[in-house]
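These notes concern the structure reproduced below.
The values are calculated or read from the model by the stated rules, or taken from the named source; none is laboratory data. No experiment lies behind these values; they were computed from the predicted model shown. Neighbour counts are summed over all protein chains in view; Cβ atoms, including those assigned to glycine, are modelled from backbone coordinates with ideal geometry. The area values use the complete protein model at the heavy-atom level, side chains included, leaving out ligands, DNA and RNA. Shrake-Rupley method; radii C 1.70, N 1.55, O 1.52, S 1.80 Å.
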Amino acid sequence: MGGGRKRGRTQRRHFKQGRENVWKHNPQRPPAGEGGEGREGNPSWQPFATENPAFEEYYKEQQIIPEEEWDDFMSMLRKPLPSTFRINASCQFFQDICSQLENDFRKSLETEVSDEHEEDAIRPLPWYPGNLAWHLNFSRMQLRRNQALESFHEFLKRENEVGNITRQEAVSMVPPLFLNVQPDHHILDMCAAPGSKTFQLLEMIHQSTKPALLPSALVVANDVDVQRCNLLIHQTKRMCTANLIVTNHEAQNFPGCNLAKFCSETCMDEAKLQRLEFDRVLCDVPCSGDGTVRKAPDMWRKWNAGMGNGLHRLQVEIAMRGMGLLKVGGRMVYSTCSMNPVENEAVVAEILRRCGDSVELLDISSELPELVCRPGLSTWKVRDRGSWFGVHEDIPRYRKSVISPSMFPSGKGSQDVEVNTDVVDADMKDSTDMGEEGEQERNTAIDDSNNGDSAKTEEKTEVDCESGEALTRYKKLNFTSTRTEHSDYPLHRCMRIVPHDQNSGAFFIAVLRKHSPLNEIQVVDGVKSEQSISKDKTGKLEEDLGSDKVSSEENIVPQQVVDNTNAVDGEQNGDMDSKSSKDKSSEDAKVIVKETEKAQAGTRDRRQQNQGHLVTRNPDTSHVKRIYYVSKSVQDVLELNIKVGERLKITSLGLKIFERQSSKEGSPCTFRLSSEGLPLLLPYITKQILYASAIDFQHLLQYRTIKFPDFVDAKFGEEASALLPGCCVVVLREGHQDIGSIATDPSAIAIVCWKGKTNLCVMLSPLDGEELLERISLRFGLKFPKLDKEKPNQEVTGSDEQPDCATEADDQPESKASDMEIPDAEA
């Protein structure tokens, strides 16, 4: 047990190190531009080598692009990746941001164009709907170093931090677009961290509803690593959504929550959710990541052919589990940031082979007509230990436990695999049934799969294998198979994005539709033809690969995925998940749900909210610190999860709307409003609410604490002093004719404040306040002077008027998500 925990910690440390952007964090190798400039004052500095002969040989042989384009392809791979970002269309100020980009920055930066292939400094991505995604003709390093870009860089950082934009690689934005998300969909993001695609999915479901109304859709974002879950929570917290659940599971073993397995039909309420299924599944799997070489140039040094081979089985298992969780009629997107056909077309072909007529590979080439992409490959080879193989039959017998038939275009194996079926079945059981010798043999084979084309093969084998026979077995083959195969599946419907087509990274996308329930025999037959990798080997496998996407999955566990979730809901896997979930959840960490009354449908559309619920993480209401609001769709999943024994390990959910408060002056209310939840509650607030002029609203944001007599509008100061002590709301009156309708207007701008004995104090982070000032000035054409740092009444620290918990940092996005974890992720 202790050894397993140690391995897990080691893997997570390695994953974190592997995820670091080497351009930014490696002090010995600072970023170099195209001209190769180095760090000043460091004569020993050498730029990253953008050469790897094995890489070039591999992809030339795979013929991923025509030979005449090879030089253009390689030239683009060696250039830094331009920055891109996406505007959050569901944010309050997205129209203002679009206008600012189009009318201000686009013109002011036009003299900074530095690439002969680009005409504009910044431009919308032509294929992204609504001109919401933008391409910059600057790398991240140029943004940091170029003084002329300083104001634009500050704009990007500020807007990204508050959630108005998301800085994300262009090709990474593509997979969610092909999901064709609808307002009522349940969506699963299987390998979600760090969260950019999850955030994009949340934008879609909120954008598809009327302003200020909650969507009925649901997003479940999953990741295997707890630390990456925290990163995911921090990323999605900027969205302020009540429609998200973050879970912590191995994607290939994501639990099936089927109520029929846990209670009789007589006790089942047909009006309630019976089984957790999804209308859409995003399966962006862990991969070798060689498509990201432009932003992670250390990939040139680390890359070898064994990386893709070592991940193939895991990718198939995750994709098959996603297909099992998908509703009939639903759509799943399989994607990687790899160019390797073993990780791409081979996985898709295996899905189609296992699922038969139940699943169709869709042709989606016309859905984003301005996105330049290439068709998928129908033929490829597998490279192993320095040799090329076109068919699985040519693989030496002792390597067939490592190089599986599904890696090849036909997916057909040889007699050797069929003979060893019983051995494979034994491997799928508990490892204790195998004996020490069998386990050691599998260790050797699996470790060896990661050596790829290493020139030190024999030396490596001497470490791993004790016998002379083993040394002979694992020497380099230096063999080239003359036979090749073509896949019978329509793999040309897959999409390959290559860097030199639209100055981007590389990506692979396949869209599949489920037409009927999966046949258990089909899926189990597919599993039997593969030798699953045990958990004990995964640490070595992923440590050798050392890629960013590998860190999305920690363990590789055998499973049999079927549509009715028999394999995952059965005793073997079911007990595993149920036990870990119960160990994780203590009595004081369970989700406590309190149903709120259904919002009354009034005369104003904004008040016609869906039924929602309040949740806390503490069963003792006297010790509750925060109260969260969840949508009806989230509540249904919570209730189902309780009924099936808490199989889902939930790390975060809900929108924080209330926080416990304490004040030296006392307050009639135990809780105060949270800034995140204010837009949701504003239409229902009738007391403790004020309407300020633009100048007084500006002063509040600038100076943060203002005494009542100091307001420009004397009447406003009198109204503020007349409020009860404690939490209140101040709404900007500018631009509204009828004060009575401001609160129900989706465009209303409001902030949470604290009414003290002599003053009014803003309960908003400085960053959010700065952003709000910027937006107000642009929207209403107001000129706000810079903050006078010498003004005496701007200081709020230590004020006896403040509640003890009400510092401006309370509403800031946090670097960890401990306040939203339900239950504690470290339990």
Report summary line: Inside the stretch 277-313, the number of residues satisfying the requirement of being β-branched (Val, Ile, Thr) and open to solvent by 10 Å² or more (accessible area, probe 1.4 Å) is 1
Query raised in the report: Which residue pairs have Cβ atoms under 6 Å apart, sit 6 or more places apart or on different chains, and have a first residue in the stretch 181-204 that is over 8 Å from Leu282 (Cβ atoms) and open to solvent by 10 Å² or more (accessible area, probe 1.4 Å) and a second that is among the β-branched types (Val, Ile, Thr) and not in a strand (DSSP E or B)?
Result: Pro183/Thr209; Met204/Val181
Query raised in the report: What residue, of Leu156, Leu213, is over 25 Å from Leu325 (Cβ atoms) and either of a type in the set (Val, Ile, Thr) or open to solvent by less than 10 Å² (accessible area, probe 1.4 Å) (or both)?
Result: Leu156
Requested in this report: Test Glu646 against the stated conditions and say whether it is over 25 Å from Gln235 (Cβ atoms), part of a loop (DSSP other than H, G, I, E, B), open to solvent by 20 Å² or more (accessible area, probe 1.4 Å) and not small (Gly, Ala, Ser).
Outcome: yes
Query - Count of residues meeting criterion [polar (S, T, N, Q) and under 15 Å from the mean Cα position of the chain (by Cα)] in the stretch 173-195 - result: 0
Query raised in the report: Out of (1) surrounded by 20 or more Cβ atoms within 10 Å (Cβ to Cβ); (2) of a type in the set (D, E, K, R); (3) modelled with pLDDT under 90, the odd one out for Arg144 is which?
Result: (1)
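One line per residue, one yes/no per condition, for (1) open to solvent by 10 Å² or more (accessible area, probe 1.4 Å); (2) more than 21 Å from Ile245 (Cβ to Cβ):
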position: Pro619; (1), (2): yes, no
position: Ser622; (1), (2): yes, yes
position: Val630; (1), (2): no, no
position: Val634; (1), (2): no, no
position: Val637; (1), (2): no, no
position: Lys656; (1), (2): no, no
position: Gln661; (1), (2): yes, yes
position: Ser675; (1), (2): yes, yes
Query raised in the report: Filter the stretch 747-772 for residues that are out of contact with any Asp or Glu (no Cβ under 9 Å at 6 or more places or on another chain) and open to solvent by 30 Å² or more (accessible area, probe 1.4 Å); which is modelled with the lowest pLDDT?
Result: Ser747
Query raised in the report: Only one of (1) open to solvent by less than 80 Å² (accessible area, probe 1.4 Å); (2) at pLDDT below 85; (3) out of contact with any helix residue (DSSP H, G or I) (no Cβ under 6 Å at 6 or more places or on another chain) is not met by Pro31, so which one is it?
Result: (3)
Query - strands (runs of 3 or more DSSP E) fully within the stretch 681-756 counting 1 or more residues that are under 35 Å from the mean Cα position of the chain (by Cα) and within 27 Å of Ser662 (Cβ to Cβ) - result: 726-732, 750-755
Requested in this report: Starting from the stretch 132-147, keep only residues that are within 30 Å of Met204 (Cβ to Cβ), then list their pairs with residues that are β-branched (Val, Ile, Thr) and part of a strand (DSSP E or B) whose Cβ atoms are within a distance under 6 Å, requiring at least 6 positions of separation or different chains.
Outcome: Leu132/Ile87; Trp134/Ile122; His135/Thr84; Leu136/Ile122
Query raised in the report: Mind checking which residues of the stretch 692-714 are over 14 Å from Leu772 (Cα atoms), open to solvent by less than 50 Å² (accessible area, probe 1.4 Å) and not aliphatic (A, V, I, L, M)?
Result: Ser693, Thr705, Phe708, Phe711, Asp713
Requested in this report: Using the structure shown, decide if Ser534 is surrounded by fewer than 23 Cβ atoms within 10 Å (Cβ to Cβ), under 30 Å from the mean Cα position of the chain (by Cα), at pLDDT below 95 and among the polar types (S, T, N, Q).
Outcome: yes
Query raised in the report: Across the stretch 89-116, which residue is farthest from Gln207 (Cα to Cα) among those that are modelled with pLDDT of 85 or more and in contact with a Phe, Trp or Tyr (Cβ under 7 Å, 6 or more places away or on another chain)?
Result: Phe105
Requested in this report: Please enumerate the residues belonging to the stretch 77-97 that are open to solvent by 30 Å² or more (accessible area, probe 1.4 Å) and farther than 20 Å from Lys197 by Cα.
Outcome: Arg78, Pro80, Gln92, Gln95, Asp96
